[in-house]
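Asker: Before I ask anything, here is the structure I am working with.
The values are calculated or read from the model by the stated rules, or taken from the named source; none is laboratory data. Computed from a predicted structure; not experimentally measured. Cβ atoms come from the backbone with ideal geometry, glycine included; neighbour counts cover every protein chain shown. Each accessible area value is taken on the protein alone, full model and side chains, heavy atoms only, with ligands, DNA and RNA left out. Shrake-Rupley method; radii C 1.70, N 1.55, O 1.52, S 1.80 Å.
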Amino acid sequence: MGIEEYGGGQTARADVLVVTTNDVPGYQVTQVIGEVFGLTVRSRHLGSQIGAGLKSMVGGELKGLTKTLVETRNQAMERLVEQARSRGANAVLMMRFDVSEAADVGTEVCAYGTAAVISAA
């Protein structure tokens, strides 16, 4: 697997800018729309659970689980952006991820932040 399979984030041409900061240098916030989030819950398939169990005995990275978590985070972020866009935002400020176990059957990933309209200062 190449490095591109272990990353995420936006493309350079995104119409909704997502940042982890409170503001964006060179822009001013003209409207705060409010909280938005994208949520997904993923379960691991039996093969990856067995492989992870065996790998945990000898140590090392669980590449299959890493790839699944990256895909899960990216899906949560895509849903966050869709919600922000549908509410008229062109930016999400203070974006964060929250990850938790969901009833012992999967992993819940929530991307959340503040939808806003920004314009060049």
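Asker: Take the residues in segment 98-107 that are open to solvent by 40 Å² or more (accessible area, probe 1.4 Å) and in a strand (DSSP E or B), then tell me which one is modelled with the lowest pLDDT.
Answerer: Residue satisfying both the conditions and the ranking: Glu101.
Asker: Say whether the condition of being surrounded by fewer than 22 Cβ atoms within 10 Å (Cβ to Cβ) and part of a helix (DSSP H, G or I) is met by at least one residue in segment 84-97.
Answerer: Yes, the conditions are met somewhere in segment 84-97.
Asker: Another question, then. For segment 108-117, which positions are surrounded by fewer than 18 Cβ atoms within 10 Å (Cβ to Cβ) and of a type in the set (Val, Ile, Thr)?
Answerer: Listed by number, the list holds a single entry, Val117.
Asker: Among the numbered criteria (1) modelled with pLDDT under 80; (2) in a helix (DSSP H, G or I), which one does Ala12 miss?
Answerer: (2)
Asker: Show the residue pairs meeting these rules: Cβ distance below 6 Å; 6+ apart or different chains; first residue within segment 17-35 and touching a residue at least 24 places away in the same chain (Cβ under 8 Å) and part of a strand (DSSP E or B); second residue open to solvent by less than 60 Å² (accessible area, probe 1.4 Å) and of a type in the set (Val, Ile, Thr).
Answerer: Val18/Val92; Tyr27/Ile118; Val29/Ile118; Thr30/Val117; Gln31/Val117
Asker: How many residues does segment 14-30 hold that are farther than 10 Å from Val92 by Cβ and of a type in the set (A, V, I, L, M, F, W, C)?
Answerer: 3
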